Structures are given as structure tokens and as C-alpha cells.
Amino acid sequence: MRKPLIAGNWKMFKTLDEAGAYAGDLARRISDVDSTEILVCPPFVYLQTLVQAFEGSPVKIGSQNVFWEDSGAFTGEISAPMLRSIGASYAIIGHSERRQFFGETDETVNKRLLAALRGGLTPIVCVGETLEQREAGKTFAVIEAQVKRGLSGIDTDRASSLVVAYEPVWAIGTGKTATPEIAQESHSFIRGLLKDLFGDETAGLVRILYGGSVKGDNIDSLMARADIDGALVGGASLDAASFERIIRFKGQ
Ligand code: 13P
């Protein structure tokens, strides 16, 4: 019912030459894949090059952020219509690194989300608790606030195209993956929040990705869980061979 989505978030890595070589390599490796949707989210400067490099392949291209106005005097920002015009189809919104280092809040996440939907981009909205919040027993309260504030004001008929990424901050780049049990518990909680917001049918269509130290050796057990519909992969997406292993998770 929900097509799995494996997305690579490159963060701030790779030069142009490295990006081009990777695209050729990955396109060759995964040309036969059609049961899983594949997405690569490079830095803005390589978006157009990679849209062209992956043309005719199953790989889609997304941005790592998007601004909430369509155009105007906003030096340094990139809008949804601009991203659509170069062939990007997804946008990551509210990644924990943007929340931590660049002042992102649930309110700005919500503005970006509405702009992405308006502009025809599929938003991947990131939520997740810090280690301190988990240890204080606040995981569900944090997730609930991020989901409810981040996703407010969306029409139910648009909500089914949304993607939510659960990325516990303590698992990002640390090598400490959430166990499939912990991830499933949060995913199922998020699905329940989506039911409250949009109803059972729509909530059943929204894909919820897990992110945080996803690798070839843990993807299979994560994907076996009922509410884990894919992965948002950082470090392990930077190498085409290791990303291919994740894309070809077992149990499909
Ligand atoms: P890692 O896979 O490197 O832990 O990063 C996860 C992430 O932040 C993806 O957005």
C-alpha cells in the first residue's frame, strides 16, 4: 500500500566531480529497481547536474531545505518554484541539524512545508528527540509537538503525499541506530498522530521514514517493521555501493 522510499541525504559533502562520478555509478547499479522509490538529496549546487545525470533512471532528486516565500528580496534563499523548475521533486524540511545550527523551529518548518506543497514538491518533514529528551521521558511529547505544529494547516487531500522522517538526534551520525523496536514504537506513535490530524485513510498512506545511522547491516530488520516505510540515510548514502545495499533491503 505504501511504496518504500529510500532517500540519501548527502548533507554538506562531495565536490562536483565526486557528485558526477557517484551519479554514474549509482545509476548503473540500480537501473532495475522499481519496487522501491529512490531519492538523492545533494547540496543545492549539484541539484540540476544530478537531475540531468539521473535522467532515465529510477532516482529522483530532492533538496535539503526550501524557503517559504516563492520569490522576493531574500538573499541566499531558494524557493519551491525554483526547485521545481530545475526538476527537483522532494524537499527535506526541519532536519535536526537545521534545528540545532540554523534556528529552525516548528513554526518555520510549517511555513516551509506549506510552501513546498504549494510549489508541487513532496516534503519530507523531520522530527525526533534528543538524548536528553529521551532520558527525561519526553520522547512522545517532543514528537507530538513537532508533528502537530509542523504539520498544521494542511488540507487532508494534500496530506497523503507527505513524508515524515523520524530521526532521533542521538542516532544521527553516531553509529547508534535505534533498535527496530524503538523505531517502530515512535513510528506507530507518529501514525496515530497523523490519524488524529487527517483520519485513518490518509494516515495509512503517509510514508514514515527512519533516519539515524542506517547501514546495510541494519536496514533489513528496520524495514521489517509495520510502520517503517523507508529510510533517510546520511553517511551510508555517500558511497554508491553501500547505498545500493540499503536500497536492496531484504524482505521486499
Ligand atoms: P546518518 O545516517 O549519517 O546517521 O545521518 C542520518 C541523517 O541525518 C539523515 O538525514
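The values are calculated or read from the model by the stated rules, or taken from the named source; none is laboratory data. Every value quoted in this text rests on a predicted model; they were computed, and no experiment measured them. Positions of Cβ are generated from backbone atoms using ideal geometry, with glycine treated the same way; all protein chains shown enter the neighbour counts. Note: accessible area is taken over every heavy atom of the protein model, side chains too, but ligands, DNA and RNA are not part of it. Shrake-Rupley method; radii C 1.70, N 1.55, O 1.52, S 1.80 Å.
Taken together, the criteria exclude Phe74 from residues that are surrounded by fewer than 16 Cβ atoms within 10 Å (Cβ to Cβ) and within 16 Å of the ligand (Cβ to nearest atom).
In region 155-170, the qualifying residues are those that are crowded, with 21+ Cβ neighbours inside 10 Å and part of a loop (DSSP other than H, G, I, E, B), and the one that is farthest from the ligand (Cβ to nearest atom) is Leu162. The number of residues in region 17-64 that are under 19 Å from Gly234 (Cα atoms), polar (S, T, N, Q) and open to solvent by 20 Å² or more (accessible area, probe 1.4 Å) comes to 1. Looking across region 237-252, the residues that are open to solvent by 10 Å² or more (accessible area, probe 1.4 Å) and either within 15 Å of the ligand (Cβ to nearest atom) or of a type in the set (Gly, Ala, Ser) (or both) come down to Leu238, Asp239, Ala241, Ser242, Arg245, Phe249, Gly251. Within region 223-244, residues that are of a type in the set (Lys, Arg) reach partners that are within 15 Å of the ligand (Cβ to nearest atom) with beta carbons closer than 8 Å, at six or more positions or on different chains, in the pairs Arg225/Ala183.
Right, Gly175: under 24 Å from Gly8 (Cβ atoms), in contact with a helix residue (DSSP H, G or I) (Cβ under 8 Å, 6 or more places away or on another chain) and in contact (Cβ under 8 Å) with a residue 12 or more places away in the chain or not? The answer is no for Gly175. Could you grab me the full set of residues in region 171-215 that are open to solvent by 40 Å² or more (accessible area, probe 1.4 Å), in a loop (DSSP other than H, G, I, E, B) and more than 16 Å from the ligand (Cβ to nearest atom)? Residue satisfying the conditions is Leu205 alone. Determine, yes or no, whether Ala141 is assigned to a helix (DSSP H, G or I) and within 19 Å of Ser63 (Cβ to Cβ). It is false that Ala141 is assigned to a helix (DSSP H, G or I) and within 19 Å of Ser63 (Cβ to Cβ).
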